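The values are calculated or read from the model by the stated rules, or taken from the named source; none is laboratory data. Just so we're clear, the structure is a prediction, and the values are computed from it rather than from any experiment. With ideal geometry, Cβ positions are generated from the backbone for all residues, glycine too; neighbour counts draw on all protein chains shown. In case anyone asks, the SASA skips ligands and DNA or RNA and just uses the protein heavy atoms, side chains included. Shrake-Rupley method; radii C 1.70, N 1.55, O 1.52, S 1.80 Å.
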Amino acid sequence: MSRSPRQTVIAGNWKMYKTSATAKSYVDKLVPLVADAKPLVYLSVAFPLIPFLSQAAQGTNIVIGAQNMHDAEEGAFTGEVSSAMLNDAGAEFVILGHSERRHVFGETSLFVNQKVHRAIKEGLQPMVCIGETQQQREQGLTEKIVKEQLLESLDGITANQLETVIIAYEPVWAIGTGLTATPEQAQISHAFCRDVIRSAWGFEAADVLPILYGGSVKPDNVRHIMEQEDVDGVLVGGASLEADSFAQIVNYQTLKG
Ligand code: PGA
């Protein structure tokens with residue numbers, strides 16, 4: 001199988017879990033377990049943990065990021081966090097448009113798009129999440145939804161800017177449910193996303209864009225998912241909460257099965 005120049009990224013998403021004490025024991029354990037890993041190791045954590053973890057990750061191969069941000073530079077937005085604040089805290093990337101933001105907090109692709117522009121301006125790497133619900137899949141709307149979310153979330157982004165972006169395809173029905181897309185289902189959607197990118201931004205942009213799969217990824221299913229040609233990494237929620245299982249996923253190439 002020919003591999004293009006795309007980076008492999010294994011990203012953990014801690015969501016609203018952990019405090020500084022549990023985060024500390026986690027990184028102490030994780031650092032040696034992933035020190036020789038070939039993929040890039042990303043950890044996306046709650047805002048208050050970013051300053052401590054970005055310090056703790058210095059000199060390691062672990063990259064710390066955030067799970068959301070506001071699109072405005074600054075302003076009267078009680079409870080929100082800006083891209084400059086994330087930068088200041090030590091975040092290097094930010095998840096945008098996670099399905100929990102879209103479906104629990106009502107974020108639209110238009111809002112996500114404004115955030116993507118802001119993140120790029122600030123020098124933060126956006127990890128843009130897209131994916132269909134179970135109902136949309138059953139109605140045969142997967143490609144329509146995924147295409148719309150991609151084109152709207154990335155509207156106005158140049159091919160050059162796209163080089164800093166990561167996409168995470170996360171079927172909503174597979175997130176936190178224990179249901180995983182089959183490797184074949186993941187490959188079909190990933191190849192489709194790449195086609196959409198190719199048509200809109202050209203061959204080169206599509207070729208270097210990492211597209212991660214997310215949705216109930218575990219040590220026992222990661223290998224087959226990662227074998228798919230258009231899967232360039234995974235975004236892991238539940239199984240990233242324990243350093244051991246996250247390290248196994250990072251080191252998936254050495255896992256048996
Ligand atoms: P999960 O979450 O691995 O627990 O399904 C994935 C995600 O929400 O990014």
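Search segment 188-211 for residues that are closer than 19 Å to residue 234 by Cα and pair each with any residue that is among the basic types (Lys, Arg) and open to solvent by 60 Å² or more (accessible area, probe 1.4 Å) when their beta-carbon atoms are under 9 Å apart and the residues are at least 6 apart or on different chains. So the pair list comes out as 192/147; 193/147; 206/198; 207/198. Of everything in segment 159-181 that is open to solvent by 70 Å² or more (accessible area, probe 1.4 Å) and either of a type outside the set (Asp, Glu) or over 23 Å from residue 42 (Cβ atoms) (or both), the residue that is nearest to the ligand (Cβ to nearest atom) is 176. Taken together, the residues in segment 68-113 that are open to solvent by less than 60 Å² (accessible area, probe 1.4 Å), within 16 Å of the ligand (Cβ to nearest atom) and either in a loop (DSSP other than H, G, I, E, B) or among the aliphatic types (A, V, I, L, M) (or both) amount to 8.
Looking only at residues in segment 219-243 that are within 11 Å of the ligand (Cβ to nearest atom) and either closer than 16 Å to residue 15 by Cβ or under 13 Å from the mean Cα position of the chain (by Cα) (or both), which one is most open to solvent (accessible area, probe 1.4 Å)? Ranking the candidates gives 238 first.
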